[in-house]
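Worksheet for the structure shown next.
The values are calculated or read from the model by the stated rules, or taken from the named source; none is laboratory data. The structure presented is a predicted model; accordingly, all values stated were derived computationally and were not measured. Glycine gets a Cβ as well: all are built from the backbone with ideal geometry, and neighbour counts include every protein chain shown. We work out accessible area using only protein heavy atoms, side chains counted, and drop any ligands, DNA or RNA first. Shrake-Rupley method; radii C 1.70, N 1.55, O 1.52, S 1.80 Å.
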Amino acid sequence: MPGPFRWLDQRLDLHGVKRDLLDREVPARLTWWHTLGSATLTVFLVQVITGTTLATYYSPSPDHAYDSVRYIADHVASGALVRGIHHWGASAMVVLILAHMIRVFSVGAYKYPREINWLLGVGLFIVVLGFSFTGYLLPWDQKAYWATAVGTNIAGTTPFVGAALVAVLRGGSELGAATLARFYAFHVLWLPLLLTAIAALHLIVVIRQGIAARPRDLETGAPARTSDPEYPAYYREAYAATKRGGMRFWPDILGKDAIVSATVVLVIVLMALAFGAPLEAPADATDTSYVPRPEWYFLPIYQLLKLVPGSLEAVIAVGVPTALLLAMVALPFFDRGSTRNLLHRPVALVSLVVLLAGSGMLIGAAGPGPGLATLEGPALSAQQRAGRALYQSQQCGGCHRVAGQGGDEGPDLTAIGLRHSAGWLHSFMEQPARFHEETRMPAYGPPAMSHQEIEELAQYLATLRGRGDQQPQFYDTFPPPRPH
Ligand code: HEC
């Protein structure tokens, strides 16, 4: 043993550490799926390193945030790369933690004795989503601002506590300096501390309990339920038996972990080099026509919101995630059957398939490009929402079509906001006959509707910009003024 190691070993008993941590026996015939948890941890470390680098240059105030991010991207050496890695690392973390949870679910590794670690895992998952949500706002570009506006609006629809929740998230009623300060503090202080603490507990429990064995090795001869008083003794023996294959934590497990982690980091770096991280125009709080497209992992719920009538939006937006969360928390206490293999657990199998296929279909249905402005309840301002309600109550849809829904008598309005300004739309709806004498479009000016209502409608129609990200080109021709 080289000198310095001997010196340390005499003081810290490095051999003991090696014996207790690395030479441990592990269950035989483990697959590569075991590496997902350690890969998630590796990506977290990558996020800590790149995030700390970014924080060195970033300025968390609405006046400077955007410029400081621009500066990182354009002037700091490798700044764009570091940002890119942080951006793709964030997605990778969500992918990996989801994959890890799906795997743990599939092999029944949340069952006795691992209920606590499943709960810690659910906690980690929520913290990771918190990282995404808070990180999104920091560049203070259009997407950042409006995605956070939508997200906090959704939180605001929670029954009873909605308003308080919005106030807490935003630090006031508007998105502004207070919001950015607390999102930043959460992103770089609270959440990292929380994640480190929970992840440490998670790892300690894994070390105490050992790595989960293959489901089939814990099924033969098992009592039917894990709540059976015989089960702990059965488990102890069955688990000990799986360790007789002579496999060691190092190199059999850690070796695979290292290979997968290295590959994941390589993929993240390649993605960063190839695609970088997006940065849109600076946030503009007055541009209510901007339609943010959420990150892919929020797409299923976002798409679901488009499918339900407006009155149900709030219920779905808050209810579905809450229900999923409660189901995850309840799972290990509710499901006490001792079968672990997914193929032998029909209810679990069907639930998982429905959840995954449903989310996949919803993500697929979202297609590329921003979603349709019409259907985005939460992204609209109060005025635009009022306009949308008028569009429905006045039955404009009887003659007009928006996003494939409605009648044919009048022109399709799906992209009307690209062709006409709100001002023009207001004048037209007030008295269409001034524009076309023979028009079949009814006049909606007073007394049919007040000017305020027409303006609400016009503001709503101006948000209809189809599916693409085209910029509006107005063709507003007004009739000549009438002689008085
Ligand atoms: C009875 C059928 C009918 C109803 C109801 C109706 N419209 Fe129209 N709308 C038309 C027709 C037909 C045109 C084309 C008129 C023209 O070319 O002068 C039109 C034109 C328009 C245009 C201009 C479209 C363009 O491309 O220039 C807008 C905007 C519009 N309608 C909005 C509305 C709104 C908002 C409502 C509900 C408050 C509504 N319409 C209700 C029949 C209808």
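Put F334, F298, F435, F478 in order of accessible area, largest first, 1.4 Å probe: what do you get?
Result of the area sort, largest leading: F334, F478, F298, F435.
Would you please state which residues of segment 123-156 a label at T286 would reach in this model, taking the label point 7 Å out along Cα→Cβ and a backbone N cut-off of under 12 Å?
none
So, with +1 on the Cβ of K and R and -1 on the Cβ of D and E, and no other charges, what is the size of the charge dipole of the chain about its Cα centre, to the nearest 20 debye?
Charge dipole of the chain: 1860 debye, to the nearest 20.
Counting only helical runs of four or more DSSP H residues, what would the 222 nm mean residue ellipticity of the chain come to if each run contributes -39,500 (n - 2.57) and the total is spread over all its residues?
The helix-only estimate for the chain comes to -18500 deg cm²/dmol at 222 nm.
Pulled fully out, how much extra length does the chain show between I363 and F478, if you take 0.36 nm times their separation in residues and subtract their Cα-Cα distance?
Between I363 and F478, full extension yields 37.2 nm more.
Shape verdict for segment 44-202, please, from the Cα gyration tensor: rounded (a/c under 1.5), prolate (a/b greater than b/c) or oblate.
Here segment 44-202 falls in the oblate category.
Could you give the accessible area per residue of the chain, probe 1.4 Å, as a whole number in Å²?
Per-residue accessible area for the chain comes out at 53 Å².
Can you figure out the FRET efficiency of A323 with Q431, using R₀ = 56 Å and their beta-carbon distance, to the nearest 0.05?
Given R0 = 56 Å and the Cβ-Cβ separation, E is 0.70.
For a test of the definition: using alpha carbon positions, the gyration tensor, and the 1.5 limit on a/c, classify segment 157-226 as rounded, prolate or oblate.
oblate
Over segment 380-462, with a single point scatterer placed on each C-alpha, what log10 of the ratio I(q)/I(0) does the Debye formula yield at q = 0.18 1/Å?
-0.72
Heavy atoms only, 1.4 Å probe, whole protein assembly: order T42, T152, T477 by accessible area, highest first.
T477, T42, T152
Return the long-range amide H neighbours of V26 (sequence gap of 5 or more, or a different chain), with a cut-off of under 5 Å between placed amide H atoms.
M247, R248, F249
Need the list of lysines near K243 for cross-linking: C-alpha distance under 30 angstrom, and skip anything on the same chain fewer than eight residues off.
Output for K243: K18, K111, K256.
Highest mean first, what order results for 141-148, 228-235 on Cβ atoms within 10 Å?
Per-residue Cβ counts within 10 Å, averaged per peptide and sorted highest first, yield 141-148, 228-235.
Among L457, V104, S427, pick out the residue whose Cα is farthest towards the positive end of the charge dipole of the chain, where Lys and Arg carry +1 and Asp and Glu carry -1 on C-beta, about the Cα centre.
V104
Given 0.36 nm per residue, what is the gain on full extension from K18 to I116 after removing their alpha carbon distance, in nm?
Difference between extended and current length: 32.6 nm.
How do W190, W296 stack up against each other in accessible area, from largest to smallest, with a 1.4 angstrom probe?
W190, W296
Whenever you get a sec, compute what percent of the accessible area on segment 133-177 sits on carbon and sulfur atoms (1.4 Å probe).
That share works out to 73 percent.
Can you give me the solvent accessible area of W250 with a 1.4 Å probe, rounded to the nearest 10 Å²?
Probe radius 1.4 Å; accessible area of W250 about 120 Å².
How much length is gained if the chain between I207 and S173 is pulled fully straight, taking 0.36 nm per residue apart and subtracting their Cα-Cα distance, in nm to one decimal?
So the chain would gain 7.6 nm between I207 and S173.
Can you list residues from other chains, or at least 5 along the same chain, whose modelled amide H is less than 5 Å from the amide H of D141?
A283
Taking the Cα centre as origin and putting +1 on Lys and Arg beta-carbons and -1 on Asp and Glu beta-carbons, what dipole magnitude results for segment 37-191, to the nearest 20 debye?
440 debye
Calculate one ³J(HN,Hα) per residue across segment 139-152 by plugging θ = phi - 60° into the Karplus curve 6.51 cos²θ - 1.76 cosθ + 1.60, and present them in order as whole Hz with x for glycine and proline.
Couplings: x, 6, 9, 3, 4, 4, 5, 6, 5, 5, 4, 4, x, 6 Hz.
Name the long-range amide H neighbours of R336: under 5 Å, sequence gap of 5 or more, or other chain; modelled H, no Pro or chain starts.
none
Write out the GluC sites (Glu not before Pro) in segment 418-484 meeting two conditions: DSSP loop, and at most 12 other Cβ atoms within 10 Å of their Cβ.
Passing sites in segment 418-484 are E437, E438.
Once neighbouring chains are kept in place and the probe is 1.4 Å, which whole percent of the accessible area of segment 231-328 is contributed by carbon and sulfur?
72 percent
Which of V46, L203, G255 sits closest to the plus end of the dipole of the chain, meaning its Cα is farthest towards the positive end, when Lys and Arg get +1 and Asp and Glu get -1 on the C-beta?
G255
Using 18 Å as the cut-off for backbone N distance, which residues of segment 94-108 belong to the label zone defined by a point 7 Å from the Cα of V353 along Cα→Cβ?
So the set is 102-103, 105-108.
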